[in-house]
């Protein structure tokens, strides 16, 4: 096995991109929001591999590609395409009919970009935390790979940042609370990891609010966020106290996720989880903020993660953030497809 | 919750559109049939939400959008996208990950039109008859919504009318029989409701032929059809006698549907249903008509709803009607997408 | 029932096309490989009916159509579209909601080309060997039908030939080994049948290498290949000896397939199958060849059908062959869509 071809620029995590590069993407996204149609990708194409469901991502990529003269082809391996093996050197006598080496190799011949959504498997975090599936794709692909959510969700980070820049201009020095919320099942930590990374990257004073130590995010992301904050002049704090966390916040970002010590054991995690429904984002909590805005990546269970009152309030930016997925992904496609 | 934004023109039922407006759509459809390619929707898009299977609808929308420079994005919530909650105010701790408020809100940011297919659930007609799913979508959408079949099928109505106008010029005063046919299962009444509505709207003398009183359609559609007939100079009659119903008919339209008093109880309905296989449209019955034409919305089970002889006859317009789905939907997209 | 309309040119098997016609397609494919974008199919469309999974086929058709201004609409009957009945004269009171007569008829009104993938059912070879499903589609379609794999895979044949012509110029007189390989399940013989047909058609000296007589292909393909060889000056031999078969070969093509005498009885076939894992294509076997190239249609199970060493070698042309699917199918679409 060889390493990823260094001449190919992928978008696997925002941490691989400089703040200047990310800012360039966001500025291009603003231009595309103002002027959506162009022919810059005429005759080009992007393959979207979905190992998990999607509504916003597939729609925004398909529409965005079309607005620039390109096509997005949606593939769901294991459902309407062949099952895929991602590990190297395997004797493939199990379920998978095809290896990522060939999937990546073939798609690289057909298309100019490949997007992948591959949620973790929720069995073994020590494995899932390595993000090996998208890394295997990037290794074998000779065209740029875009992360459409694995254990991070960098497209969502860009959409969040375009939204916050639109509201605040700059988030440096502003208090941003990333709050855990209840959900009937332990979910992927990807968007939480991503919010932590991008908030600290752009200099916010980030507070991670969660019920207990068990809900801290993986050290690789906690450490990266600390390093980001040091570089950007921002900060990172952890809190388990709802009132003081919301106090004075200008940005409230919510997400539910599973406690990593119980990863793969949802019944055990439930004993912890069941007592924390009060983390729901409601109007009383929002009243504690400094005229704070609220956002969420969607999908969102109403009256579970946030109340109808919060979702329907003027300070709720969730639809703006969802819309901006379209613009940032178009900026990404334009930027990356020039590389072929 | 607020009512549907009155500045947005939806296509939920033909009853919301005037005869002049419907005629305008049909004339535009005729133009598009003669001259299929244009750039009127360049860079625009339509999202097609399918909660049920489709062949004609998805193909005709995808091809039609492309022929005008647009793209149709197909989404199957609960299968390849997130499950959706349609009721207001719910604590969403069940299966659905997302509320129609956000689905409609997000799609309104991405696309210019939203189509929805949402068959009734076949559990409780008193609920299903309110057509609450598409109404919830229309309420939350800021772009026009197109009904791709719920408890009515207005796109099919337009296709039927384009077909009949092509054959007869005008259907006013012509005898049109809407005949129930057998099918192994009790089906949706949507196309039957729709045939009743559009036939009476354009002045036909409509006879609803069905095995017994139990197969009458919902009073809201029977009443609307009577009112339509009064306004148009047509008429509406009910018959359970096959011979007199076919006698002198110029148009025979067939559909199978379930008896509403047994809605949600298919085993009980079977006791009624099993004795009515003879309602099949065959050449002997067609011979009773006044050189009548036959049509059906498709899909059709051959030799169950209609014989091979009828389906393969020159007087069978089912393929023409199916083709016209393409043209009328293009006319609809052109007309509605100008509203954004 | 009437026969297929002879004015419509289909692509069901390469045997229906002359060597000159096939060569014309390959030359056009070479041009399209060098110059991929054109507007020759502006506003045209192709429907792709998949009764089985696909990755290469759907991506290459969708991307290829787009590169020529057309659209490919993907349909999966029985999954996201209605189930289809293919037999004539049936009383359709089973699972299928729609007959191929209407599916073909309607699609012929919407699109300019129809592709179909319909693998055999693995129950009764005496029925499956007639290829009745795609023949029923072609019979009822008024637009050209493209075989996307049934009991032959003619698009793959063209891709293989474009690849071999790119390497050798001409394959006449070159030794080509079609080797059976092990796989955990008995697979479709389609690509094996196709390799036999196209190799002999273009004059290669073809050796069919398989474990025993039970793995011979259907007589209709063995006989057609012999006739092809006689016409082209090539030859066809059968071998069960690995060493002598590989000896001096310039082309090694691999495929796994089920033994026809045990068709529909995978457990019985397993008793034969289990002892033949050593048919895997490995570097030792390739060393016996005359600097031979290796290829496979993909998907391929690594270290089951061929080793990592073979797949990653310079002589492996599998990715080139997969890429050429795009070019030959574009040539096919251009050639056939002119017929409407």
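Screening segment A:294-310 for residues that are surrounded by fewer than 22 Cβ atoms within 10 Å (Cβ to Cβ) and assigned to a helix (DSSP H, G or I) and picking the one that is farthest from the other protein chains (Cβ to nearest Cβ) gives A:309. The single condition among (1) in contact with a helix residue (DSSP H, G or I) (Cβ under 8 Å, 6 or more places away or on another chain); (2) closer than 30 Å to residue C:39 by Cα; (3) touching a residue at least 24 places away in the same chain (Cβ under 8 Å) that residue A:109 does not satisfy is (3). Residue A:134 satisfies every condition listed in (1) part of a helix (DSSP H, G or I); (2) closer than 30 Å to residue A:244 by Cβ; (3) under 17 Å from the mean Cα position of the chain (by Cα) except (2). When segment C:193-241 is limited to residues that are under 18 Å from residue C:20 (Cα atoms) and in contact with a strand residue (DSSP E or B) (Cβ under 7 Å, 6 or more places away or on another chain), the one that is surrounded by the fewest Cβ atoms within 10 Å (Cβ to Cβ) turns out to be C:229. Does at least one position in segment B:315-325 carry a residue that is at positive phi and not assigned by TED's automatic domain parsing to the domain that holds residue B:114? For segment B:315-325, residues at positive phi and not assigned by TED's automatic domain parsing to the domain that holds residue B:114: absent.
Scanning segment B:311-321 for residues that are more than 9 Å from chain C (Cβ to nearest Cβ) and more than 21 Å from the chain's Cα centre (by Cα) yields B:313, B:314, B:315. Restricted to segment B:41-66, and to residues there that are assigned to a loop (DSSP other than H, G, I, E, B) and closer than 16 Å to residue B:326 by Cα, the residue that is farthest from the other protein chains (Cβ to nearest Cβ) is B:41.
Yes or no: segment A:319-335 includes at least one residue that is over 30 Å from residue B:89 (Cβ atoms) and assigned to a loop (DSSP other than H, G, I, E, B). Don't jump to the end; show me each part of the working.
First, the residues of segment A:319-335 that are over 30 Å from residue B:89 (Cβ atoms): A:327-335.
When the remaining residues are screened for being assigned to a loop (DSSP other than H, G, I, E, B), the result is none.
No - not one qualifying residue is present in segment A:319-335.
Specify which of the listed residues (A:160, A:164, A:116, A:107) is part of a helix (DSSP H, G or I) and not assigned by TED's automatic domain parsing to the domain that holds residue A:197. Even if it seems obvious, please write down each step before you answer.
Working: A:160 fails: not assigned by TED's automatic domain parsing to the domain that holds residue A:197; A:164 fails: not assigned by TED's automatic domain parsing to the domain that holds residue A:197; A:116 fails: part of a helix (DSSP H, G or I).
None of the other options fit; the residue is A:107.
Of the residues B:217, B:208, only one is within 18 Å of the chain's Cα centre (by Cα) and either in a loop (DSSP other than H, G, I, E, B) or outside the structural domain of residue B:294 (by TED's automatic domain parsing) (or both); which? Spell out how you get there, then give the answer.
Working: B:208 fails: either in a loop (DSSP other than H, G, I, E, B) or outside the structural domain of residue B:294 (by TED's automatic domain parsing) (or both).
Matching residue, one of B:217, B:208: B:217.
Taken together, the residues in segment B:84-100 that are under 14 Å from residue B:131 (Cα atoms) and surrounded by fewer than 18 Cβ atoms within 10 Å (Cβ to Cβ) amount to 1.
Could you check segment B:73-82 and list, in sequence order, the residues that are assigned to a loop (DSSP other than H, G, I, E, B) and either at the interface with another protein chain (Cβ under 7 Å from one of its Cβ atoms) or at pLDDT 95 or above (or both)? Steps first, answer last, please.
Step one: filter segment B:73-82 for residues assigned to a loop (DSSP other than H, G, I, E, B), giving B:76, B:78-80, B:82.
Passing the criteria: B:76, B:80, B:82.
Among the residues making up segment B:194-217, a single one is out of contact with any helix residue (DSSP H, G or I) (no Cβ under 6 Å at 6 or more places or on another chain), touching a residue at least 60 places away in the same chain (Cβ under 8 Å) and over 14 Å from residue B:236 (Cα atoms): B:212. Of all residues in segment A:83-99, those being in contact with a helix residue (DSSP H, G or I) (Cβ under 8 Å, 6 or more places away or on another chain) and assigned to a loop (DSSP other than H, G, I, E, B) number 4.
Among the candidates C:70, C:101, single out the residue that is closer than 16 Å to residue C:326 by Cβ, facing chain B (nearest Cβ under 9 Å) and in contact (Cβ under 8 Å) with a residue 24 or more places away in the chain.
On the way: C:101 fails: closer than 16 Å to residue C:326 by Cβ.
When all the criteria are applied, what remains is C:70.
As a summary of the residue check, residue C:261 satisfies the conditions (1) touching a helix residue (DSSP H, G or I) at 6+ places or on another chain (Cβ under 7 Å); (2) closer than 24 Å to residue C:19 by Cβ; (3) part of a helix (DSSP H, G or I) except for the one numbered (2).
Would you check if residue C:290 is touching a residue at least 24 places away in the same chain (Cβ under 8 Å), closer than 22 Å to residue C:241 by Cβ and either more than 14 Å from every other protein chain (Cβ to nearest Cβ) or surrounded by 22 or more Cβ atoms within 10 Å (Cβ to Cβ) (or both)? Answer is yes for this residue. Condition check for residue C:243 on (1) within 13 Å of chain A (Cβ to nearest Cβ); (2) at pLDDT 95 or above; (3) in a helix (DSSP H, G or I): one failure, at (1).
Examine segment B:127-148 for a residue that is within 14 Å of chain A (Cβ to nearest Cβ), on the phi < 0 side of the Ramachandran plot, in contact (Cβ under 8 Å) with a residue 40 or more places away in the chain and out of contact with any helix residue (DSSP H, G or I) (no Cβ under 7 Å at 6 or more places or on another chain), and state whether such a residue exists. Yes, some residue in segment B:127-148 is within 14 Å of chain A (Cβ to nearest Cβ), on the phi < 0 side of the Ramachandran plot, in contact (Cβ under 8 Å) with a residue 40 or more places away in the chain and out of contact with any helix residue (DSSP H, G or I) (no Cβ under 7 Å at 6 or more places or on another chain). Determine which single condition residue C:272 fails, assuming it passes every other condition in (1) crowded, with 21+ Cβ neighbours inside 10 Å; (2) under 18 Å from residue C:216 (Cα atoms); (3) touching a helix residue (DSSP H, G or I) at 6+ places or on another chain (Cβ under 8 Å). Condition not satisfied by residue C:272: (1).
Which residues, taken from segment A:244-287, are touching a residue at least 40 places away in the same chain (Cβ under 8 Å), more than 23 Å from the chain's Cα centre (by Cα) and within 19 Å of residue A:312 (Cα to Cα)? Correct list: A:285, A:286.
The values are calculated or read from the model by the stated rules, or taken from the named source; none is laboratory data. Worth saying up front: this structure is predicted, and the values here are computed from it rather than measured. Heads up, the Cβs are rebuilt from the backbone with ideal geometry, glycines too, and the neighbour counts pull from every protein chain shown.
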